[in-house]
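The values are calculated or read from the model by the stated rules, or taken from the named source; none is laboratory data. Computed from a predicted structure; not experimentally measured. Glycine gets a Cβ as well: all are built from the backbone with ideal geometry, and neighbour counts include every protein chain shown. Keep in mind that these areas ignore ligands, DNA and RNA; they rest on the heavy atoms of the full protein, side chains included. Shrake-Rupley method; radii C 1.70, N 1.55, O 1.52, S 1.80 Å.
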Amino acid sequence: MKINSVCTSISTAILAALLLCSPALAADQASDWKVGAGYQAMWAGEFLNGISARAWYQDRFGIEGNFFYGGVDFEVDYDYNEHEEADLYVGEIKLMYAPIVREYSKFYIGAQGSIGQFELDGDLIDYKDEIYGFGVFIGSEFHFQEIPELGFNFDVGYKHYFYEDKPYGSSGPEVDIELKGVGATFGIHYYF
């Protein structure tokens, strides 16, 4: 199974952002930057699980990078016993601003952009193409006094994903798919 170069680039960018913002490289600004890595999940009918990097500058301005993956295998049993696989890769960047910051919590607003790839690979159909998305959200992050290095977050907001292409060549029908509505994500990050 191949991962599109776009998805590979996004995951590389997330890793690079985490490394470049690490406390070792920003030791003189340790009080300004708070950098973490962890898990993020997106509710899309089922949970789409992902890895995540999150950084806050002066507890007010944040950036988060996520890489989600979801896959399904299924059998088609109509005169044939065919095997199909579907995979979805999504990279996401979030920009956040926290107007309310408390000792163990913060409330933030933000915007996000996404790029991803959908692949259908099997005996009957072989197809892949990109999807794009954007959205706005509100969220909160909180810490427990006993374990302040762990941050738990929950976001909810409007997301709009779109895809437009002619998957079966220039003479085939044009496919125009829009997925929009209110979505939610939640996660946990360990801050270094």
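Below are the figures for this structure:
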read-out	value
Residues (among the hydrophobic types (A, V, I, L, M, F, W, C) and under 29 Å from Ile63 (Cα atoms)) located in region 120-149	Ile131, Phe134, Val136, Phe137, Ile138, Phe142, Phe144, Ile147
Counted residues, region 91-125 - those being among the acidic types (Asp, Glu), in contact with an Asp or Glu (Cβ under 9 Å, 6 or more places away or on another chain) and open to solvent by 50 Å² or more (accessible area, probe 1.4 Å)	2
Candidate set from region 136-154 (those that are touching an Asp or Glu at 6+ places or on another chain (Cβ under 9 Å) and under 15 Å from Gly113 (Cα atoms)); member that is least open to solvent (accessible area, probe 1.4 Å)	Phe137
Qualifying residue in region 16-39 (condition: basic (Lys, Arg), open to solvent by 20 Å² or more (accessible area, probe 1.4 Å) and modelled with pLDDT of 90 or more)	yes
Given (1) farther than 18 Å from Trp43 by Cβ; (2) out of contact with any Gly (no Cβ under 9 Å at 6 or more places or on another chain); (3) modelled with pLDDT of 75 or more, number of the condition Gly181 does not satisfy	(1)
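A quick yes/no check of all residues on (1) over 15 Å from the mean Cα position of the chain (by Cα); (2) over 30 Å from Trp33 (Cβ atoms); (3) at pLDDT below 90; (4) not in a strand (DSSP E or B):
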| residue | (1), (2), (3), (4) |
| --- | --- |
| Ser52 | no, no, no, no |
| Asp59 | yes, no, no, yes |
| Gly65 | no, no, no, no |
| Gly70 | no, yes, yes, no |
| Ala86 | yes, yes, yes, no |
| Ile100 | yes, no, no, no |
| Gly113 | no, no, no, no |
| Gln117 | no, yes, yes, no |
